[in-house]
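Asker: This is the structure I have questions about; it appears just below.
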Amino acid sequence: WLSDCLTAPFLFASCRSVHPEADDMLHEIGISPSMDMLTFSSLGNSQLLITVTFHIFRTVHDLVLPLRLDDYKLMNFLKALEAGMHGPKLHNMRHAADTMSRVSAMLKMGGLYQQATQSMKRQLAAALIASIVPDYKHPGRTNVFHVKRASAAALSFNEQHVNENNSLYACLNVLRDPKCNFIEAWSEEEQREFKSTLIELVLGSDTDSHFELLTRFQMRVNTETEGYGGILASRFFGSCDRRTRLLVLQLAIVCGLHGDAVLPFEVHKKWVQLKQDEYFEQGDEEHALGLPISGLMDRSRPGVADPKTQVGWLDIIVIPIFQQFCNVFIDCHDLLQQCQENRALWEQEQANGFVGKAQFSPGLFMGLEGILRSDESRSQTPSVLSGSASDHVQSRQNSCSMHHPTRFPGTV
């Protein structure tokens, strides 16, 4: 069933169709931002990440042959990553495949690579791989949890981007294996550039860097422009220097990681529930260890799936990132619209009485992994209890521009 995108003979034997709906859904992978990866993964394909990656690399972006990527070694590389993506409720193979598919779809929809050079294609390949790395060997615990416990990973990486650094280290070790080095045909300089790009993009995906990323993107990219569509988007992106292109790709990956917000509402809610389940498991472990239970991780209190929490999360975190990206790449505007529609539906659920045991407040919202970690930084945070959603977003963005963004651990 992958005959349109895979040529290596052994791949045909390992990726057979097991459900008639799978063939139809396959054509949405990497092209449709609203592709339902949860349903696709339930149709029996045991090699989900391999299926998604090869379809995107071969069919959607045509990267394998032009970039001289080794099919067999790419397969080995992905098999190794798949083996390290089991366990957590959210951060697993399904989430990795979903993120890559959405990042691919956004870049395709935005028209960024319509006129791509070989160098840009190598950068695209690095961005697609970077979108799945954060889920590799993810423990289902946040960076703050590592720091609280003084875990080996937190000590090894000086409490900085703990999960992201750990995933990167493990991923690069896999790539060093001669059986998995699918870019072996490249020059040493090209391989170094690929790895450097991979590192920058993965570390930039940490929610710890969220507000800093938005500020840098707005200052460097989203300035004095009415946006680009079609071939103009590709020409604009191609004219950018390396640093600017990396900034665009970082934001695209962050959008992909939060991309459940642009799915149809009922599918979006399923992903939110998975995040809540993973958070509650962390809260259970924190309780068992005698540690303070992180906000939104206590089963006896409202969790991430509480409508008020979701409205605040979308206002402060998610909608601004899609606004920034879609303001520049205007062909992606439908994604922002879907995100705003989901926010309205959460607000409607709240009005209909789907409310948790405690009222939403800035203090509770800080439980989203401590967006603001000190009394001083809290004093800079606008209230999320009054005013319109757009006021909240604009106020937060203004705050980010006026102050250095406060460090906060990743929630993805």
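The values are calculated or read from the model by the stated rules, or taken from the named source; none is laboratory data. Note that the structure is a prediction, hence the values are computed from the model and not measured. Virtual Cβ from ideal backbone geometry, glycine too; neighbours counted across all protein chains shown. Heads up: the accessible areas ignore ligands, DNA and RNA and are worked out on the full protein's heavy atoms, side chains in. Shrake-Rupley method; radii C 1.70, N 1.55, O 1.52, S 1.80 Å.
Asker: Could you go through the stretch 281-295 in sequence order and give the Karplus-derived ³J(HN,Hα) for each residue, using 6.51 cos²θ - 1.76 cosθ + 1.60 with θ = phi - 60°, rounded to whole Hz, and x for Gly and Pro?
Answerer: Karplus values, whole Hz, x for Gly and Pro: 5, 5, x, 4, 5, 4, 4, 5, 8, x, 8, x, 6, 4, x.
Asker: In debye, nearest 20: dipole of the stretch 17-351 around its Cα centre with unit charges on the Cβ of K, R (+) and D, E (-)?
Answerer: Charge dipole, the stretch 17-351, about its Cα centre: 660 debye, nearest 20.
Asker: Step through the residues of the stretch 213-221 one at a time and calculate ³J(HN,Hα) from phi using the Karplus curve (6.51 cos²θ - 1.76 cosθ + 1.60, θ = phi - 60°), rounding each to whole Hz and writing x for Gly and Pro.
Answerer: Residue by residue, the stretch 213-221 yields 4, 4, 5, 5, 5, 5, 6, 9, 10 Hz.
Asker: Leaving ligands, DNA and RNA out of it, report the carbon-plus-sulfur percent of the accessible area of the stretch 203-303 at a 1.4 Å probe.
Answerer: In the stretch 203-303, the share of accessible area belonging to carbon and sulfur is 50 percent.
Asker: Now, a different point. So which of Lys137/Lys179; Lys148/Lys270; Lys148/Lys275; Lys108/Lys137 end up more than 23 Å apart by C-alpha?
Answerer: Lys148/Lys270; Lys108/Lys137
Asker: Could I ask something else about it? Taking amide H positions as placed 1.01 Å from N in the peptide plane, with prolines and chain starts having none, which residues 5 or more places from Tyr228, or on another chain, fall under 5 Å of its amide H?
Answerer: Long-range HN contacts for Tyr228: Phe329, Ile330.
Asker: Roughly how many Å is it from the Cα centre of the stretch 238-312 to that of the stretch 21-99, as a whole number?
Answerer: Rounded to whole Å, the Cα centres lie 21 Å apart.
Asker: Please report the net charge: other residues with Cβ closer than 15 Å to the Cβ of Leu263, K and R +1, D and E -1.
Answerer: Net charge in that neighbourhood comes out at -1.
Asker: Compute the signed sum of charges (Lys and Arg +1, Asp and Glu -1) over the other residues within less than 11 Å, Cβ to Cβ, of Leu124.
Answerer: Numbers: positive: Lys108, Lys121, Arg122, Arg245; negative: Asp62.
Counting the neighbours of Leu124, the net charge comes to +3.
Asker: Let me ask another. Which ³J(HN,Hα) values, rounded to whole Hz and listed in residue order, are derived for the stretch 164-173 from phi using the Karplus coefficients 6.51, -1.76 and 1.60 in 6.51 cos²θ - 1.76 cosθ + 1.60 with θ = phi - 60°, glycine and proline given as x?
Answerer: Result, rounded to whole Hz: 5, 5, 5, 5, 4, 4, 5, 5, 5, 5.
Asker: Ok, one more. What is the sum of charges, Lys and Arg at +1 and Asp and Glu at -1, for the other residues whose Cβ falls under 12 Å from the Cβ of Arg94? Could the numbers behind the result be given before it?
Answerer: Working: positive: Lys89, Lys270; negative: Asp36, Glu82, Asp98, Asp135, Asp260.
Net charge around Arg94: -3.
Asker: I need the trypsin sites (Lys or Arg not before Pro) found in the stretch 158-253, filtered to DSSP loop residues with at most 16 other beta carbons within 10 Å of theirs.
Answerer: Of the trypsin sites (Lys or Arg not before Pro), the ones in loops of the stretch 158-253 whose Cβ has at most 16 other Cβ atoms within 10 Å are Lys179.
Asker: Another question, if that's okay. With every protein chain left in place, what is the accessible area per residue of the stretch 17-351 in square angstrom, probe 1.4 Å?
Answerer: Values: 12340 Å² over 335 residues.
That works out to 37 Å² for each residue.
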